[in-house]
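As C-alpha cells, the structure follows; a few thoughts come after it.
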C-alpha cells in the first residue's frame, strides 16, 4: 500500500484569532474591494506538462491537480493593524488552473476606508493529486497556512472600487524533499482603483 508523507513547510506564523475585526468599519465608512486570483505573468508550464517542472518528484511523479481552500484575507493598515477583508469565503481555488492562465474572481467585499500596505492570505486546506493517482489531502492544525503579501501602499476610499490582483507564485509553491511534499504558498500583489461606473 502506497503511503505518502507530507511535510508541511509553513512560511509564516498562523494568525491569532485576535486580529482586528470588521466592527471598526462603521465608524469610518468602507470601500469596496474585489479580489482576483491569477497565475504568474510569465508562462511556467511546458507544452507537455500541466504544472511547473519543480512539481515533479525524483521518481517522475507530477502534481496534476492542486486545490486550496481559501478561508480569509486580511489587510494591514498603516497603523500596523490587521483588518479582515469582508468577503464571502471560504472558496476553493484550482492552483493548476491559475498556472494555466485562468483567474478566480471572488465576490466583492469591503474594507474600512484607509491606506493599506500588506495582505495576508489564509489557506485552510490543500488537496493534491499525483500523476500515479495518489491523493494527498492536508488540513494543517492551527488554522492553516498563511502567506504574507507585501504591496505598494494603496487607499480604500468610500464610493470607489479597489481591485486587488493576487498572482500565485507557482515555481516555489511545491517541492519534494526526502520523498516528502512541502507546500509554501506565495503571492505577488498589485491594486487598481476605479470610480463607480467605470
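Before moving on, here are some points about what is shown:
- Extension gain for residue 88-residue 138 works out to 15.7 nm (0.36 nm per residue, less the C-alpha to C-alpha distance).
- Were the residues from residue 182 through residue 169 laid out at 0.36 nm apart, the gain over their Cα-Cα distance would be 3.2 nm.
- Sequence of 92, 37 once ranked by neighbouring C-beta atoms within 10 Å, starting from the fewest: 92, 37
- Neighbour counts of other Cβ atoms within 10 Å put 95, 78, 106 in the fewest-to-most order 78, 106, 95.
- Distance between the modelled labels on residue 67 and residue 148, one decimal in nanometres: 3.1 nm (7 Å Cα→Cβ projection).
- nm² value of the averaged projected area, convex hull over the Cα atoms of segment 49-192: 9.1
- Cα gyration tensor category, rounded, prolate or oblate, for segment 99-174 with a/c compared to 1.5: prolate
Every number here is computed from the coordinates shown, using simple stated rules; none is lab data. As the structure is a computational prediction, the values presented were derived from the model and not from experiment. When we count neighbours, we look across all protein chains shown, and the Cβ atoms used for this are built from the backbone with ideal geometry, even at glycine.
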